[in-house]
């Protein structure tokens, strides 16, 4: 049986997005615990300005999420047929979009009633569940070999970063 192979552009966008989502999710947990905590708090307190860190991570995630979304809706559209992949991408869009609508002083001032904040919390929960479902689906579909293929640094001929523009052009030419 052939080893699974994931396109290098997918692996790059997916990997960096996953790391930033994980950092946003973790920093968001600290922010939630410190300023909201209606449904529980962390058992420890971390010093520092976590709202600013969380916002900075979100600002870094925004353009990457846009690129990953564009990739997913074009070259990766087949993968969106998997419900866990589609849910994770929609939750990412909701998280980034509502994060852009929020004011960082809302939480510092105890203003927890804003719709954008409520939707941001919902996106945070959905992302957590969608990522777990995504990982379970990957393991169910292809097991460890498929999961490992996302971390592989191996590249096939014609799949180096210099080849990405041509891949994108070919995709759009064949789609039209």
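The values are calculated or read from the model by the stated rules, or taken from the named source; none is laboratory data. Predicted model only: the values in this text are computed from it and were never measured. Note that each Cβ is placed from the backbone with ideal geometry, even for glycine, and that neighbours are counted across all protein chains shown.
Say whether the condition of being under 16 Å from residue 25 (Cα atoms) and assigned to a helix (DSSP H, G or I) is met by at least one residue in segment 64-83.
yes
Which residues, counting only those in segment 157-166, are touching a residue at least 60 places away in the same chain (Cβ under 8 Å) and either on the phi > 0 side of the Ramachandran plot or surrounded by 15 or more Cβ atoms within 10 Å (Cβ to Cβ) (or both)?
159, 164
Is it the case, given these coordinates, that residue 5 is touching a helix residue (DSSP H, G or I) at 6+ places or on another chain (Cβ under 8 Å), modelled with pLDDT under 95 and surrounded by fewer than 17 Cβ atoms within 10 Å (Cβ to Cβ)?
yes
Residues in segment 99-120: is at least one more than 21 Å from residue 36 (Cβ to Cβ), in contact with a helix residue (DSSP H, G or I) (Cβ under 8 Å, 6 or more places away or on another chain) and in a helix (DSSP H, G or I)?
No.
For segment 129-156, what are the residues that are surrounded by fewer than 13 Cβ atoms within 10 Å (Cβ to Cβ), in a loop (DSSP other than H, G, I, E, B) and under 18 Å from the mean Cα position of the chain (by Cα)?
Matches in segment 129-156: 151 only.
Hey, among the residues in segment 115-128 that are under 15 Å from residue 22 (Cβ atoms) and in contact (Cβ under 8 Å) with a residue 40 or more places away in the chain, which one's surrounded by the fewest Cβ atoms within 10 Å (Cβ to Cβ)?
128
Would you mind finding the one in 60, 88 that is surrounded by 16 or more Cβ atoms within 10 Å (Cβ to Cβ) and in contact (Cβ under 8 Å) with a residue 24 or more places away in the chain?
Just a single option satisfies the conditions, and that option is 88.
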